[in-house]
Amino acid sequence: MVQLLWTLLVLLIIFRESVSQEVKCYSRFDNGDCDYLLGEVTMEDCCLNPHYGYIGADGKCKFCGPASWSEWTTWGSCSVPCNEGVSQRRRECQGQGKCTQETTPRQLRKLTLETKVCIEPDCCPEQGQWSKWAEWQPCSVTCEKGLRKRVRTCTEPPPRCGGSCDGPSEEEEPCVVDRVCPTNGGWSNWESWQPCSGTCAREDLPRPTQRRSRSCSNPPPSSVPPGDECPGLGSESRTCDELPSCPVNGNWGLWGPPSSCSVTCGVGVNEMLRQCNNPAPKHGGLPCSGSNKDTKVCNTKNQCPVDGQWSQWEKWEECTSNRGKINCRKIGGQQRRQRWCKHTDFGGLTCEGKITDYRPCFDIKYCFFDGKWGEWSEWSHCEPPCGEGAKRTRERKCIPDLSEYPEKIGYPVKAKAYFEGRPDVNCTLLKDTKESRACINVPPCDT
């Protein structure tokens, strides 16, 4: 019955989200990312395989399998560059259906966002101040127009803790030297290459050549004051290496028959191959352009197996013994808890592991013990995780003295014993058993 309901739920969600809407179907889903595109099919056909992912009109990669929580992201950077702030991490529900029945924004935010206090070094950035501008440096040229510059340093005072000075550290301005500059000669553009001295290369003769030339006229060198002549040569030649035997460019042959579908369930691909042999390239001819392989989406219309997923363990049952009453006695018993393998369908794998778990225990509910105060717990995460009024807390508890109980019990193999039930514990009175502090610099909640 559970499997049938799960299948109906998946189909209902798919139908509601998109009726025959085509999506990009991927054969791999990895924590919110889709990889290995298969092609465009309907979302219903893509999700015949619960391990696949797809991208629809919203551009977001979604999982075809049952709903489950993603991994938590790494903790983000601190909300302030120095002193005390907060860091946050997030997770999201991926897959078909819901990960929780909680519906209010506050309830969902608590499941998808965590905030903790972070303390950066106390040294906050401080801006520095510029020194006075230095004298102008000499002009960059010895004749006519150039540039000169001056500089200043960020030293009065210098910045601290990663600060800086606002504005540039140097500036430039035009300058003029009262002297006419000589004009050096410049080459014109190369003329076009002349035709090759032959149309093809012969093995019994030198390769054909071609020439081109240029003139020292762009500009010509000045005479008063005298300018330099153009460096280099005014003509050059080269061999016509591009004249091989008559080339034959390659051309593709016919596509071969498509291969069988790459999968036996859900959506896969057919592959077709072709050869560059119609004709094959010869004498330096160009090879065939493009790929020798082509793929097309194939749909088996078969539902893929849905592997089982363990539910959360149920609560431990009461500590009992077949030897009768054990409450407040140093007689060991046993506790049991159970979980269930959900969602298995279409021949999918059942969950690995045991459905029932046992552990040795002592029943200490309502028993009286002397006790002592434990150490302070670690500070909790900030609650609420965003917005105003966030706080963190820690506490210490009155711990019962259980030293007279054995640490391990059981037969034939002994194991660590657990204590079930809440006893009455007597500790000396303390002023503070719980503390809370405000979390500062907490980002506002997303709207």
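The values are calculated or read from the model by the stated rules, or taken from the named source; none is laboratory data. These numbers come from a predicted model, not from an experiment. For neighbour counting, all protein chains shown are included, and Cβ atoms are generated from backbone atoms with ideal geometry for every residue, glycine included.
The strands (runs of 3 or more DSSP E) located wholly in segment 1-96 include none with 1 or more residues which are modelled with pLDDT of 85 or more and in the same structural domain as Ala390 (by TED's automatic domain parsing).
Of all residues in segment 387-413, those that are in a loop (DSSP other than H, G, I, E, B), touching a residue at least 40 places away in the same chain (Cβ under 8 Å) and either among the charged types (D, E, K, R) or touching a helix residue (DSSP H, G or I) at 6+ places or on another chain (Cβ under 7 Å) (or both) total 2. For segment 322-330, the criterion of being under 28 Å from Arg90 (Cβ atoms) and surrounded by fewer than 15 Cβ atoms within 10 Å (Cβ to Cβ) is met by no residue.
Within segment 137-158, identify whether any single residue is within 18 Å of Cys439 (Cα to Cα) and either modelled with pLDDT of 85 or more or not assigned by TED's automatic domain parsing to the domain that holds Gly56 (or both), and answer yes or no. No, segment 137-158 has no match at all. Comparison of Lys431, Lys354 shows that the only residue that is modelled with pLDDT under 90 and either assigned to a loop (DSSP other than H, G, I, E, B) or surrounded by fewer than 13 Cβ atoms within 10 Å (Cβ to Cβ) (or both) is Lys431.
Considering Cys124, Cys82, Cys118, the condition of being surrounded by fewer than 15 Cβ atoms within 10 Å (Cβ to Cβ), over 26 Å from Asp30 (Cα atoms) and of a type outside the set (S, T, N, Q) is satisfied by Cys124 alone.
Inspection of segment 102-120 identifies at least one residue that is touching a helix residue (DSSP H, G or I) at 6+ places or on another chain (Cβ under 8 Å) and either closer than 30 Å to Ser380 by Cβ or modelled with pLDDT of 90 or more (or both).
Scoring Cys123 on the criteria (1) farther than 30 Å from Pro443 by Cβ; (2) in a loop (DSSP other than H, G, I, E, B) leaves a single failure, condition (1).
Taking each residue of segment 93-116 that is of a type in the set (Asp, Glu) and looking for partners that are part of a strand (DSSP E or B) with beta-carbon atoms closer than 9 Å, six or more apart or interchain, yields Glu114/Gln88; Glu114/Arg89; Glu114/Arg90. Each residue in segment 327-350 was checked for being over 12 Å from Trp310 (Cβ atoms), part of a strand (DSSP E or B) and basic (Lys, Arg), and 2 of them qualify.
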